[in-house]
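Everything below concerns the one structure shown next.
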Amino acid sequence: MSGTRATGIRGASRLRRPAVYVVVSAGLLVMAAPFLWMVLSAFKTDRELTASPPVWIPTEWTFHHFTELLDRLDMPLYFMNSVIVAVFVTVCNLVFCSMLGYALAKLDFGGRSKVFAIVLGALMVPGNLMLLPLFVLMSRLQLIDSYAGLVLPFAAGAVGVFLMRQFMLSIPDDLLEAARLDGAGEWFIFWRIVMPLVKPALATLSILTFLGSWNNFVWPLIATNDPGKYTLPVALATFATDPNKSAGSNGMLMAGSFLVVLPVLIVFIALQRHFTQGIATAGMK
């Protein structure tokens, strides 16, 4: 009886597995369809963009929308603005979140639990709730329309601190104690021992921070009045809402959206292995 039951269970498992694959594949297709439509539409002609029924695969691939977008918008300037802001925000998060995560995970100091409670509390505060106080603060510091005003409010995040703390908890305390007995200072331990061990977490934090900063729209829109400081999402949205510039520009908007997404895809593909490892191991301890 037990052998028959085991055989039945294995048979049911084999039947369920293809069904799971079909459901997951269908969900992936639904999620990816808008992205695929955007990418393919960037290379379609105007006639195919407005064709009915819709044309998925272009019959005539063209780069006309990209060249026309570059003629109407200063894309290199907006691209560099986005790169500068996203890179500085990412680097600042890697440094500051790692420092605080190390302190909360491996240093014994008074009020450590209270500081961690503040970090957890910050996770529960909606980001939009902080926009007005941040704007007032940046205005008082005269940092509106500056790169510093776009970077400093996001130089460290509660999510990054929590992620780095959870990952650093998995580092053996005996390893750090041995380094201290050998005369190593905390800075040496942090930079030369701990940081090389948390590369997967750093890669994960890099992707999450870069993605959030690159796609950030509301804060750059609020904190910049000078078009010369616009990031790509703000510049593209401003272009789309200007009837004098965006008339008949569906193809250009698709091309611009593709250019906005492309750097994020490159970063994710480059760090994908570390990203999945960091997510899988961040909460092990």
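Place a point 7 Å from the Cα of Asp74 along the Cα-to-Cβ direction; which residues of region 206-232 have their backbone N under 16 Å from it?
The answer is 224-232, whose backbone nitrogens lie closer than 16 Å to the label point.
How large is ³J(HN,Hα) for each residue in region 100-109, as worked out from phi by the Karplus curve 6.51 cos²θ - 1.76 cosθ + 1.60 (θ = phi - 60°), to whole Hz, x for Gly and Pro?
5, x, 5, 4, 6, 8, 10, 10, 9, 9
Which residue, Ser41, Ser146, Ser82, tops the fluctuation ranking in a GNM of the chain built on C-alpha contacts under 10 Å?
Ser146
Stretch Met124-Asp108 to full length: gain in nm at 0.36 nm per residue minus the Cα-Cα span?
That works out to 3.2 nm of additional length.
Sequence gap at least 6, Cα distance under 8 Å: using those rules, report the relative contact order of the chain to the nearest whole percent.
Computed value for the chain: 29 percent relative contact order.
Please rank Val30, Val261, fewest neighbouring Cβ atoms within 10 Å first, as an exposure proxy.
Neighbour counts put them in this order, fewest first: Val30, Val261.
Going toward the positive end of the dipole of the chain, with +1 on Lys and Arg Cβ and -1 on Asp and Glu Cβ, which of Pro263, Ser146, Ala235 do you reach last?
It is Pro263, whose Cα lies furthest towards the positive end.
For Val136 and Val30, compute 0.36 nm times the residue count separating them, minus their Cα-Cα distance, and round to one decimal in nm.
34.0 nm
How much length would be gained if the chain were fully extended between Leu211 and Ala240, taking 0.36 nm per residue of separation minus their Cα-Cα distance, in nm to one decimal?
8.2 nm
Run the quick spin-label model on Leu265 and Ile193: label points 7 Å from Cα toward the beta carbon, then report their separation in nm to one decimal.
4.4
Starting at the first residue of region 49-63, write each ³J(HN,Hα) from the Karplus equation 6.51 cos²θ - 1.76 cosθ + 1.60 with θ = phi - 60°, in whole Hz, x for Gly and Pro.
With the stated coefficients, region 49-63 comes to 5, 9, 5, 9, x, x, 9, 7, 9, x, 8, 10, 6, 9, 9 Hz.
Would you please classify the overall shape of the chain from the alpha carbon gyration tensor, given that a ≥ b ≥ c denote the square roots of the eigenvalues, rounded means a/c under 1.5, and beyond that prolate means a/b larger than b/c while oblate covers the rest?
oblate
Say each of Ala178 and Asn225 gets a label point 7 Å from the Cα, pointing the same way as Cα to Cβ; how far apart are those two points in nm?
Placing both labels 7 Å beyond Cα along the Cβ direction yields 6.0 nm.
Coordinate-derived values only; no laboratory data. Here the structure is a predicted model, which is why all the values come from computation and not from measurement. Note: ideal-geometry Cβ built from the backbone for every residue, glycine included; neighbour counts use all protein chains shown.
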